[in-house]
Amino acid sequence: MDASACCRRVLKSITPATPKPKRLRFPRAARLRASRDFALVRKQGRTAQGRLLRISVVRMEDDTQPTRFGIITSRKVGGAVDRNRTRRRLRELCRLSRPEVLAGWLVVIVAKSPAASASFSELREEWLQLARRLSIVPRSDDRKAESN
């Protein structure tokens, strides 16, 4: 063993470990995958619509579980490229919004045809507006009151 390897090992053992940054992943547990879950949301859920999106939500029996998201992009949205791009953008919206969304919900987001040509910021703005209307995201004035 050379001296540099020995020094690295000693330094590694005496320097404190830096905490890993919090990862904002979109894990499998946060996704709706079963068709019975989609059917449950469609049958029993509350719905809010905008120009770009339709969001349906239903409360889970165990409201301590993390919220799960499902995304639907039909052929009305456009060709495969447009549908996939829209789906990726909506998945990113869900991933970024996970910390803000209250626990215990099943959420289905349906993209409407104008969503394919909308920018990410337009999608995010409409998502937040509809999510607040459905009370799955705290309103901005609620967050200000909690911080005071």
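Checked against the criterion of being out of contact with any strand residue (DSSP E or B) (no Cβ under 8 Å at 6 or more places or on another chain), among the charged types (D, E, K, R) and over 18 Å from residue 54 (Cα atoms), the candidates 100, 122 yield just one match: 100.
Looking at residue 87, is it touching a Ser or Thr at 6+ places or on another chain (Cβ under 6 Å), surrounded by fewer than 18 Cβ atoms within 10 Å (Cβ to Cβ) and outside any strand (DSSP E or B)? Considered against the rule, which asks whether it is touching a Ser or Thr at 6+ places or on another chain (Cβ under 6 Å), surrounded by fewer than 18 Cβ atoms within 10 Å (Cβ to Cβ) and outside any strand (DSSP E or B), residue 87 comes out as yes.
Only one of the numbered conditions (1) under 10 Å from residue 107 (Cα atoms); (2) of a type outside the set (A, V, I, L, M); (3) at pLDDT below 95; (4) in contact with a Cys (Cβ under 7 Å, 6 or more places away or on another chain) is not met by residue 69, and that is (3). Looking across segment 23-55, the residues that are part of a strand (DSSP E or B) and under 13 Å from residue 67 (Cβ atoms) come down to 31, 55.
Figure legend. Inter-residue proximity from segment 34-56: first residues loosely packed, with under 14 Cβ neighbours inside 10 Å, second residues hydrophobic (A, V, I, L, M, F, W, C), beta-carbon distance below 7 Å, spacing 6+ or different chains. Indicated pairs: 44/58.
The values are calculated or read from the model by the stated rules, or taken from the named source; none is laboratory data. Computed from a prediction, not measured in an experiment: that's the story for all the values here. Cβ sites come from the backbone with ideal geometry, for glycine too, and all protein chains shown count toward neighbours.
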